[in-house]
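Since the structure comes first, as structure tokens, the remarks are kept for the end.
The values are calculated or read from the model by the stated rules, or taken from the named source; none is laboratory data. Note that the coordinates shown come from a computational prediction; the quantities given were computed from them, not determined experimentally. Here the Cβ positions follow ideal geometry from the backbone for every residue, glycine too, while neighbour counts run over all protein chains shown. When the accessible area is computed, the model is the full protein with side chains, heavy atoms only, and any ligands, DNA or RNA have been set aside. Shrake-Rupley method; radii C 1.70, N 1.55, O 1.52, S 1.80 Å.
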Amino acid sequence: GYYRLLSYMRPFQRFDPRSGVRRFTPGTTIDKILDLYTFDRELRLLCLDGIERVEIAIRATIVHELSTQYGPHFYYDNHHYRHHGSRGRFLSLVKTISNPAIDLYRRTYSSPPNPPIWMLMEGVTFGQLSHFFASLHITRRKIIAKRFFLAEPVFTSWLKTITTLRNTCAHHHRLWNATIKGNE
């Protein structure tokens, strides 16, 4: 539609203060506008490919580092979280996660009622993963960030920004010439 293409038309337009109207610059064609639109689509796809790799690495690192140190159900213990209510929020989220492996676990086992962290990490969205990471106690966050050779505040900020970038790409929003902030 016209509205979707509007942000791709803007670089080819100039505001005419006399008439108060935006006019296309000479030489503008629909092909040039569509080329920019196609470029943005391809840029989003490239970013999603990179984000997928980062996401898998983060999931695997959380699982490996925390489950080997604290066990596969460490997330039940309150002392792994930065705030008292974080554990409850994560456990509430866990109840909503469903995929074939998790469903099979719940049908097969009754104790503990929820699967090990490696199953859960495969069932959460990137945003939920980012929130889970942010809810962890600082010592746990530092363990994960260190594996990526980053300080914890930088890693936390990057996770938020990557979440916003991922959502921008996945929901087909304009990425070209956009400002990406990690506001979640």
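Laid out as a table, the results:
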| item | result |
| --- | --- |
| Filter result for LEU36 (open to solvent by 30 Å² or more (accessible area, probe 1.4 Å), closer than 17 Å to TRP176 by Cα and at pLDDT 95 or above) | no |
| Scope the range 51-71; condition over 16 Å from ALA145 (Cα atoms) and surrounded by 13 or more Cβ atoms within 10 Å (Cβ to Cβ); matching residues | ILE51, TYR70, GLY71 |
| Cβ-Cβ under 6 Å pairs, at least 6 apart or on other chains, the range 15-28 side over 18 Å from LEU5 (Cα atoms), far side open to solvent by 50 Å² or more (accessible area, probe 1.4 Å) | ASP16/ARG23 |
| Conditions (1) closer than 27 Å to GLU52 by Cβ; (2) part of a helix (DSSP H, G or I): number failed by SER98 | (2) |
| Boolean, THR125 is free of Cβ contacts under 8 Å to residues at least 40 places away in the same chain and open to solvent by 20 Å² or more (accessible area, probe 1.4 Å) | yes |
| Single unsatisfied condition, THR25 versus (1) among the polar types (S, T, N, Q); (2) touching a helix residue (DSSP H, G or I) at 6+ places or on another chain (Cβ under 6 Å); (3) under 25 Å from ARG140 (Cβ atoms) | (3) |
| The range 149-184, residues that are among the aromatic types (Phe, Trp, Tyr), open to solvent by 60 Å² or more (accessible area, probe 1.4 Å) and outside any helix (DSSP H, G or I) | PHE149 |
| Tally of residues being over 29 Å from the mean Cα position of the chain (by Cα) and either among the basic types (Lys, Arg) or open to solvent by 90 Å² or more (accessible area, probe 1.4 Å) (or both) across the range 9-33 | 11 |
| Flag for LEU6 being more than 27 Å from the chain's Cα centre (by Cα), farther than 27 Å from TRP158 by Cα and either in a helix (DSSP H, G or I) or of a type in the set (Asp, Glu) (or both) | no |
| Within the range 88-112, considering residues that are of a type in the set (A, V, I, L, M, F, W, C) and within 16 Å of TYR75 (Cβ to Cβ), the one surrounded by the fewest Cβ atoms within 10 Å (Cβ to Cβ) | LEU91 |
| Residue match in the range 117-127 (condition: under 30 Å from TYR3 (Cα atoms), touching a Lys or Arg at 6+ places or on another chain (Cβ under 6 Å) and part of a helix (DSSP H, G or I)) | yes |
| Residue under evaluation ILE143, criteria (1) assigned to a helix (DSSP H, G or I); (2) at pLDDT below 95, criterion not met | (2) |
| For LYS160: the one exception among (1) closer than 30 Å to TYR37 by Cβ; (2) touching a residue at least 60 places away in the same chain (Cβ under 8 Å); (3) not hydrophobic (A, V, I, L, M, F, W, C) | (2) |
| Contacts under 6 angstrom Cβ, first residue in the range 67-96 being farther than 16 Å from TRP118 by Cβ, partner basic (Lys, Arg) and surrounded by 11 or more Cβ atoms within 10 Å (Cβ to Cβ), 6 or more apart | ASN78/ARG87; TYR81/ARG87 |
